[in-house]
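S.K.: Attaching a single structure in structure tokens format; questions to follow.
The values are calculated or read from the model by the stated rules, or taken from the named source; none is laboratory data. What you see is a predicted model, and the numbers here were worked out from it, not measured in a lab. Heads up, the Cβs are rebuilt from the backbone with ideal geometry, glycines too, and the neighbour counts pull from every protein chain shown. All accessible areas refer to the heavy atoms of the entire protein, side chains included, with ligands and DNA or RNA removed. Shrake-Rupley method; radii C 1.70, N 1.55, O 1.52, S 1.80 Å.
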Amino acid sequence: KTTSKAYDSDDSDDDDDDDYSSDDDDNSKLTGAERVRLKEMEKEREIEAARERREERMREALKNRSPDDLRSPVCVVMGHVDTGKTKLLDKIRRTNVQEGEAGGITQQIGATYFPMDNLRNITERLNKDLSIDVKLPGLLVIDTPGHESFANLRHRGSSSANVAVLVVDIMHGLEQQTIESIKMLRAKRVPFVCAINKVDRCYGWQPLPGAPIRESLAQQPENVFSEFETRTQQVITQLMEQGLNAKLYYENKRFKQVVSLVPTSAHTGEGIPDLLMVLLTLTQRLMVEQLMFSPIMEATVLDVKKIEGVGTTVDVLLMNGKLRRGDTIVVAGMNGPIVTQIRALLTPQPAKEMRVKGEFVHHEELRAAMGVKIAAQNLEDAIAGTSMFLLTDDDDEDELKDAVMADVADIMGNVSVTGRGVSVQASTLGSLEALMEFLRTSDIPVASVQIGPVHKKDVSRASIMLEHEKEYACILAFDVKVTREAQEMAEDLGVRIFTADIIYHLFDHFTKYLEECKNERK
Ligand code: GDP
């Protein structure tokens with residue numbers, strides 16, 4: 001049942017458009033072109049019917065949901081580089097462990113899971129007028145801050161995140177990536193809380209770890225508090241320029257219209273319980289509808305990894321529904337859609353036991369929301385940052401293949417057909433899209449795109465440009481590794497490889513290089 005084939009070369013018997021000999025007698029008087037069109041129309045009708053059946057099932061599934069059966073919301077942490085996203089996440093995990101509340105906090109594939117009891121313990125110490133009374137199982141926080149895979153999925157009109165934390169450095173205010181994150185969150189209608197981080201850097205700050213941030217603020221000397229206030233006011237003004245109303249969380253009674261600002265310090269831990277509390281309040285007030293468990297499976301591929309003894313696996317974020325071992329899945333691949341069967345459903349060994357490196361727990365079935373590792377055949381060229389579908393008996397395989405490739409096709413459409421331009425490589429479809437967007441707005445042609453590490457074959461491909469436009473014999477590698485062989489080959493051939501984890505840095509280096517090339521020619 002496991003197949004993987006090129007997107008365009010459909011070699012199955014039943015819908016081979018070139019196979020005129022199998023036509024019915026009724027069609028014998030038609031011209032070749034008419035017969036082709038007839039077949040196309042038939043196929044369109046089939047796809048349409050399959051889509052209707054799928055939508056009907058969705059509607060049924062939605063009807064059967066219950067507000068008593070909720071799944072965990074998925075939270076992403078976004079913002080400009082160096083605002084403290086990673087440190088905040090670390091601190092949340094560690095604070096809880098230190099305070100003996102590790103109970104149930106689990107490190108999942110690509111995410112950290114906080115059970116509700118754990119969160120309730122933390123937040124109950126804070127003011128009671130924002131107490132939490134929902135039946136959410138917990139909160140799933142995506143580990144990689146600003147995870148790009150969340151950025152695409154335009155075609156499905158949904159996103160992998162239910163709620164977000166936007167981190168702003170109090171000393172810097174809104175920065176370029178903050179503004180981009182805001183745009184993305186608004187486009188996806190993801191409600192968010194804004195953490196104004198690094199409050200401890202207000203000059204003279206006196207930490208009061210463990211206390212609600214309001215108490216910390218109240219005990220600050222007047223000049224420290226007034227610095228805090230000035231800077232916070234500046235953030236509020238900048239948010240207003242982006243069309244957002246914002247208020248300090250303890251003054252905000254209109255969750256739906258006004259963004260809550262929570263002062264935090266990832267350094268001292270102040271404000272972190274407050275942040276979690278506001279996050280949960282936001283979730284429960286806005287999203288019970290979205291969070292009802294639905295049997296229809298929804299998942300996003302976060303990462304593609306080779307694991308010794310297991311083979312190539314995909315790490316997925318299971319947002320809704322269930323996955324079972326043996327299920328047939330459809331994922332996007334660099335060479336077309338991949339249809340394959342789940343050989344193993346894996347999660348890491350629980351932290352409490354002796355964790356044997358590389359060992360996983362095998363499951364027969366897993367339920368949303370959680371991070372899961374899937375082992376299956378033919379996943380080598382799977383693309384991170386795309387949706388994954390389940391292929392059931394009621395589905396039309398072609399429709400799912402088209403759906404899974406829609407985002408990819410869109411991005412590949414911007415690759416120069418003449419083969420002239422730079423080579424681009426990125427870790428996920430979302431990061432590739434961001435990079436392509438940059439290049440498009442600067443009129444830099446792209447000759448080829450790849451997802452994943454830079455190998456020798458990529459250098460070889462880029463070297464073609466050496467004979468044409470030398471300055472385009474480049475690989476722009478965004479958030480991916482370059483193998484040593486590839487690096488050596490590039491040096492031998494004179495292919496430039498630009499690498500960076502931050503899109504702006506990559507772009508700056510490259511445009512500077514183009515400038516130099518231009519000057520050299522003069
Ligand atoms: P990210 O790029 O947004 O993930 O930022 P990091 O978490 O890597 O933090 C960037 C730098 O800021 C690091 O040097 C951190 O130690 C520092 N940092 C993060 N949060 C705080 C904070 O609350 N207070 C202070 N003083 N430094 C912080």
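S.K.: If I filter segment 451-481 down to residues being open to solvent by 40 Å² or more (accessible area, probe 1.4 Å) and not charged (D, E, K, R), which single residue comes out as nearest to Leu435 (Cα to Cα)? Walk me through how you get there before you give the answer.
M.R.: First pass over segment 451-481, keeping only residues open to solvent by 40 Å² or more (accessible area, probe 1.4 Å): 453, 455-457, 460-461, 464, 466-470, 479, 481.
Still in the list and also not charged (D, E, K, R): 453, 455, 460, 464, 466, 468.
Values: Pro453: 16, His455: 19, Ser460: 21, Ile464: 22, Leu466: 22, His468: 23 Å.
Checking each candidate, the answer is Pro453.
S.K.: Sticking with this one: Looking at (1) surrounded by fewer than 22 Cβ atoms within 10 Å (Cβ to Cβ); (2) touching a helix residue (DSSP H, G or I) at 6+ places or on another chain (Cβ under 9 Å); (3) among the charged types (D, E, K, R), can you tell me which one Lys253 breaks?
M.R.: All conditions are met except number (2).
S.K.: Moving to a separate point now. Confirm whether Gly269 is within 16 Å of the ligand (Cβ to nearest atom) and either assigned to a loop (DSSP other than H, G, I, E, B) or buried (at least 24 other Cβ atoms within 10 Å of the Cβ) (or both).
M.R.: Details: within 16 Å of the ligand (Cβ to nearest atom): yes; either assigned to a loop (DSSP other than H, G, I, E, B) or buried (at least 24 other Cβ atoms within 10 Å of the Cβ) (or both): yes.
Taking the combined requirement at face value, the residue satisfies it.
S.K.: OK, next. Only one of Glu491, Glu516, Glu485, Glu520 is open to solvent by 80 Å² or more (accessible area, probe 1.4 Å) and either in contact with a helix residue (DSSP H, G or I) (Cβ under 8 Å, 6 or more places away or on another chain) or part of a strand (DSSP E or B) (or both). Can you tell me which? First the steps, then the outcome.
M.R.: Working: Glu491 fails: either in contact with a helix residue (DSSP H, G or I) (Cβ under 8 Å, 6 or more places away or on another chain) or part of a strand (DSSP E or B) (or both); Glu516 fails: either in contact with a helix residue (DSSP H, G or I) (Cβ under 8 Å, 6 or more places away or on another chain) or part of a strand (DSSP E or B) (or both); Glu520 fails: either in contact with a helix residue (DSSP H, G or I) (Cβ under 8 Å, 6 or more places away or on another chain) or part of a strand (DSSP E or B) (or both).
Glu485 is the lone residue from the list that is open to solvent by 80 Å² or more (accessible area, probe 1.4 Å) and either in contact with a helix residue (DSSP H, G or I) (Cβ under 8 Å, 6 or more places away or on another chain) or part of a strand (DSSP E or B) (or both).
S.K.: Would you be able to tell me the number of residues in segment 70-87 that are more than 16 Å from the ligand (Cβ to nearest atom) and over 14 Å from Ile296 (Cβ atoms)?
M.R.: 4
S.K.: When you go through Val278, Val314, Val262 one by one, which is the residue that is at pLDDT 90 or above, over 30 Å from Ala384 (Cα atoms) and among the aliphatic types (A, V, I, L, M)?
M.R.: Val262
S.K.: Also, quick follow-up: Consider segment 200-238. How many of its residues are part of a helix (DSSP H, G or I) and within 18 Å of Ile272 (Cβ to Cβ)?
M.R.: 10
S.K.: Taking into account only those residues within segment 194-218 that are touching a Gly at 6+ places or on another chain (Cβ under 9 Å) and open to solvent by 10 Å² or more (accessible area, probe 1.4 Å), which is nearest to the ligand (Cβ to nearest atom)?
M.R.: The qualifying residue nearest to the ligand (Cβ to nearest atom) is Lys198.
S.K.: Does segment 45-62 include one or more residues that are at pLDDT 75 or above, more than 16 Å from the ligand (Cβ to nearest atom), under 27 Å from Asp303 (Cα atoms) and touching a strand residue (DSSP E or B) at 6+ places or on another chain (Cβ under 9 Å)?
M.R.: no
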